[in-house]
């Protein structure tokens, strides 16, 4: 089994509540890291002024070279996120 990488990213607070509630289960990101299915996305944000760190597993990755990725800009990827692993307040 390959080691899991942890990718630390930031999220605009506007989207924090939707991520926490489960309505938002994806991230559109620059594909400037070696994101892989099974890796952890560690998201720093805040919700109503409270700083949060949210860990999610990447369960899907879509890149522009996929023939069904119409509208995804070159250099970006869409990451499908699994269940929240943890939510902490640093």
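Quick notes on this structure:
- Residue within segment 46-54 that is exposed (fewer than 15 other Cβ atoms within 10 Å of the Cβ), without any contact (Cβ under 8 Å) to a residue 60 or more places away in the chain, part of a loop (DSSP other than H, G, I, E, B) and over 12 Å from the mean Cα position of the chain (by Cα) present: yes
- Residue list for segment 1-15, filter: part of a strand (DSSP E or B) and either at positive phi or surrounded by 11 or more Cβ atoms within 10 Å (Cβ to Cβ) (or both): 7, 8, 9
- Single condition residue 72 does not satisfy, out of (1) in contact with a strand residue (DSSP E or B) (Cβ under 9 Å, 6 or more places away or on another chain); (2) not in a loop (DSSP other than H, G, I, E, B): (2)
- Residues of segment 16-45 that turn out to be at pLDDT below 95, in contact with a strand residue (DSSP E or B) (Cβ under 9 Å, 6 or more places away or on another chain), exposed (fewer than 15 other Cβ atoms within 10 Å of the Cβ) and not in a loop (DSSP other than H, G, I, E, B), as a count: 1
- Looking across segment 63-90, the residues that are more than 15 Å from residue 6 (Cβ to Cβ), under 12 Å from the mean Cα position of the chain (by Cα) and either free of Cβ contacts under 8 Å to residues at least 24 places away in the same chain or buried (at least 16 other Cβ atoms within 10 Å of the Cβ) (or both) come down to 77, 78.
- In segment 3-19, the residues that are over 17 Å from residue 38 (Cβ atoms) form Cβ pairs under 6 Å with partners that are part of a strand (DSSP E or B) and modelled with pLDDT of 90 or more, at six or more places apart or across chains, as follows: 10/44; 11/43; 11/45; 13/45; 16/45.
The values are calculated or read from the model by the stated rules, or taken from the named source; none is laboratory data. Being a predicted model, the structure only gives us computed values, none of them experimental. Neighbour counts run over all protein chains shown; Cβ positions are idealised from the backbone, glycine included.
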